[in-house]
1. Looking only at the range A:290-319, filter to residues that are of a type in the set (A, V, I, L, M, F, W, C) and open to solvent by less than 30 Å² (accessible area, probe 1.4 Å); which one of those is nearest to A:Gln14 (Cα to Cα)?
2. Of all residues in the range A:189-234, count the ones that are assigned to a loop (DSSP other than H, G, I, E, B) and not hydrophobic (A, V, I, L, M, F, W, C).
3. Those residues that are surrounded by fewer than 24 Cβ atoms within 10 Å (Cβ to Cβ) and assigned to a strand (DSSP E or B), I need them from the range A:168-188; list them, please.
4. If you go through the range A:103-111 one residue at a time, do you hit one that is closer than 29 Å to A:Glu206 by Cα, open to solvent by 30 Å² or more (accessible area, probe 1.4 Å) and touching a residue at least 24 places away in the same chain (Cβ under 8 Å)?
5. Considering only the range B:253-275, I want to know if a residue exists there that is in contact with an Asp or Glu (Cβ under 7 Å, 6 or more places away or on another chain), open to solvent by 40 Å² or more (accessible area, probe 1.4 Å) and over 30 Å from B:Arg152 (Cα atoms).
6. Look through A:Pro158, A:Pro100, A:Pro120 and report the one residue that is modelled with pLDDT of 90 or more and touching an Asp or Glu at 6+ places or on another chain (Cβ under 8 Å).
7. For the range A:50-159, list the strands (runs of 3 or more DSSP E) that sit wholly inside it and hold at least 2 residues that are more than 9 Å from chain B (Cβ to nearest Cβ); which are they?
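The values are calculated or read from the model by the stated rules, or taken from the named source; none is laboratory data. Predicted model, so just to flag it, every value in this text is computed and none were measured. As a convention, Cβ positions derive from the backbone with ideal geometry for all residues, glycine included, and neighbour counts pool all protein chains shown. Note: accessible area is taken over every heavy atom of the protein model, side chains too, but ligands, DNA and RNA are not part of it. Shrake-Rupley method; radii C 1.70, N 1.55, O 1.52, S 1.80 Å.
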Protein chains: 2
Amino acid sequence: MRVVAALGGNALLQRGQALSAANQRRNVRAAARSLAPVAQDHELVISHGNGPQVGLLALQGSAYTEVEPYPLDILDAETEGMIGYVLQQELGNELPFQTPVVTLLTQIEVDPDDPAFKDPSKPIGPLYTAERARQLAGEKGWTFKADGQSMRRVVASPLPRRIYGLKPVEWMLDHGAVVVCAGGGGIPVAHVDEPVPAGRRLVGVEAVIDKDRASALLAAEIGAEMLAIITDVDAVYLDWGTPQQRAIRRTGPDALGAQAFAAGSMGPKVAAAREFVQRTGGHAVIGSIADAARLVSGQAGTLVSAQAGEPEMASGGSG
Amino acid sequence: MRVVAALGGNALLQRGQALSAANQRRNVRAAARSLAPVAQDHELVISHGNGPQVGLLALQGSAYTEVEPYPLDILDAETEGMIGYVLQQELGNELPFQTPVVTLLTQIEVDPDDPAFKDPSKPIGPLYTAERARQLAGEKGWTFKADGQSMRRVVASPLPRRIYGLKPVEWMLDHGAVVVCAGGGGIPVAHVDEPVPAGRRLVGVEAVIDKDRASALLAAEIGAEMLAIITDVDAVYLDWGTPQQRAIRRTGPDALGAQAFAAGSMGPKVAAAREFVQRTGGHAVIGSIADAARLVSGQAGTLVSAQAGEPEMASGGSG
């Protein structure tokens with residue numbers, strides 16, 4: 001089976017953990033151990049988030065004031081290098097020596113007129129106190145929104161329209177490689193018409209694409225049978241955070257769409273899972289990195305399937 | 001013909017230019033224009049330096065003090081993302097739409113006992129005054145050496161021993177793709193034996209591998225017929241910087257080895273060219289990015305060839 005596994009930022013860096021290289025490597029190593037059996041049984045493409053990391057790079061860059069801060073497309077590309085390398089190395093350590101693991105940089109086209117540019121919503125970087133957020137907003141012109149009790153920087157998150165470099169991903173899979181690509185939702189680009197020399201060019205765009213939406217598009221475009229959206233909770237819950245919370249075991253995409261989920265966290269994952277299933281008739285699953293192999297075999301997480309209808313709840317429940 | 005083009009840091013960022021994203025993009029765009037005809041006539045693999053960029057990232061990281069500075073292997077990987085993306089995008093803009101341009105992250109094994117770890121020699125980052133260098137050396141424990149009238153940070157630059165991920169590079173070439181890889185000399189890694197779980201693992205190493213030596217090894221391992229070492233001067237000169245300076249047009253590797261060149265700049269390029277020619281019997285050429293296509297066709301630069309003997313000088317001379 002061809003599987004796209006979208007690793008959430010929270011699967012790579014636990015909430016509240018410092019953004020250190022050591023913490024990231026420890027989490028990536030654990031993720032690689034969980035994903036290795038999937039790579040051995042299936043064609044595996046891994047995408048990943050970059051919210052904490054791209055925010056860190058933006059913060060570092062703005063601390064060094066001798067050059068203009070680097071634009072987000074370049075910082076996105078840097079995070080594809082940073083996270084892709086550690087994933088590639090740790091996965092390589094878990095897999096038989098002859099299994100190639102490759103990381104490809106991925107450009108993804110967005111619409112420069114996407115309404116997201118007028119309403120930044122994607123949280124990046126660390127959590128701040130309200131006071132520090134006000135200070136940074138003043139200094140750097142950044143936008144902040146509440147994240148729990150804290151504040152977090154938000155940037156534009158346009159929809160992915162077209163992924164470049166899909167054929168190389170498929171060529172690598174055909175050769176038996178595990179592919180890391182579309183990291184951080186891909187590097188956002190757009191076409192512009194330039195007068196000299198006349199013609200259309202791709203240019204970078206200041207944004208961070210939602211990695212779940214990008215992964216859903218990627219999975220559909222390369223003909224994946226399954227999209228696994230991997231995070232730090234074991235399933236999608238109804239009435240999350242209340243005494244009545246119940247894990248959904250299996251659901252159809254329409255029935256899932258009738259429920260409301262948090263815009264910043266489970267919302268985009270549910271939207272991406274529904275989009276993939278509705279477009280392709282394949283399966284999507286949402287669950288925890290610790291269960292990676294069981295997610296893919298349908299034994300854990302919330303399975304979204306065109307053949308299912310109303311949400312069926314998990315019996316018992318580990319949440 | 002299969003060609004590896006190694007782009008020097010000075011071909012991507014002119015000496016003394018600020019390390020801004022805009023300056024880098026302008027230079028990369030010019031480099032892409034020069035390389036496009038080579039990509040259309042040959043199988044092309046592009047590697048690149050990262051000295052200024054990895055130094056910038058180290059500087060930025062150390063300015064943000066809430067986490068430990070990131071190790072050089074991760075910063076090297078970030079520069080493969082940063083530079084690879086812009087190269088990939090700008091080359092894509094110059095080439096026919098159907099030509100795939102891919103960037104692969106590349107791990108390169110080094111020997112942890114390489115003497116380079118005891119004698120840091122690779123200059124990274126910007127130029128400093130002697131006073132600022134002393135200050136940074138005290139604050140961060142960095143090592144500095146003179147670079148012309150200024151000071152520059154130096155880090156360990158061990159020899160590349162083994163390149164991982166060569167097969168994926170060849171698969172992409174077989175599919176007609178232009179490949180960007182081994183950026184910044186590759187990401188330095190080494191094997192360690194770990195007790196739990198028992199076995200050998202690859203881990204990152206704090207270093208910056210010389211990109212010319214890495215490119216020579218890459219070119220030999222993938223069976224390239226030509227290694228083009230591309231910089232900001234149009235040839236290798238004898239008596240460089242004196243009124244008697246003369247550009248070498250063509251030379252054998254042994255005769256070239258009898259000459260002395262600057263350790264920080266032309267020295268490693270000459271060493272890499274000789275190594276490639278002696279090992280493979282292929283051709284190496286050293287020259288300017290502006291002449292890229294003419295370098296590869298043997299009409300410009302300094303050609304190092306097993307069939308040549310004593311250095312033949314260029315008639316006239318553009319230097």
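1. Going through the range A:290-319, the residues of a type in the set (A, V, I, L, M, F, W, C) turn out to be A:290, A:292-293, A:295-296, A:300, A:303-304, A:306, A:308, A:313-314.
Going one step further and asking which of them are open to solvent by less than 30 Å² (accessible area, probe 1.4 Å), we end up with A:292, A:295-296, A:300, A:303-304, A:308.
Values: A:Ala292: 17, A:Leu295: 20, A:Val296: 22, A:Ala300: 21, A:Leu303: 24, A:Val304: 25, A:Ala308: 32 Å.
So the residue we want is A:Ala292.
2. Going through the range A:189-234 one residue at a time, the tally reaches 8.
3. None - no residue of the range A:168-188 is surrounded by fewer than 24 Cβ atoms within 10 Å (Cβ to Cβ) and assigned to a strand (DSSP E or B), so the list stays empty.
4. Looking only at the range A:103-111, we keep the residues that are closer than 29 Å to A:Glu206 by Cα, and these are A:103-111.
Narrowing the set further to residues that are open to solvent by 30 Å² or more (accessible area, probe 1.4 Å) leaves A:109, A:111.
Next cut, touching a residue at least 24 places away in the same chain (Cβ under 8 Å) only: A:109, A:111.
Yes, the range A:103-111 contains at least one residue that is closer than 29 Å to A:Glu206 by Cα, open to solvent by 30 Å² or more (accessible area, probe 1.4 Å) and touching a residue at least 24 places away in the same chain (Cβ under 8 Å).
5. No: zero hits.
6. Numbers: A:Pro100 fails: touching an Asp or Glu at 6+ places or on another chain (Cβ under 8 Å); A:Pro120 fails: touching an Asp or Glu at 6+ places or on another chain (Cβ under 8 Å).
Every option except A:Pro158 fails the conditions.
7. Details: elements: A:101-103, A:107-109, A:122-128, A:143-147, A:150-155.
By residue number, A:107-109, A:122-128, A:143-147, A:150-155.
So that you can scan it fast, the table gives a plain yes or no per residue for (1) open to solvent by less than 30 Å² (accessible area, probe 1.4 Å); (2) at pLDDT 95 or above; (3) of a type in the set (D, E, K, R):
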position: A:Ala198; (1), (2), (3): no, no, no
position: A:Ala216; (1), (2), (3): yes, yes, no
position: A:Ala220; (1), (2), (3): yes, yes, no
position: A:Glu225; (1), (2), (3): no, yes, yes
position: A:Ile230; (1), (2), (3): yes, yes, no
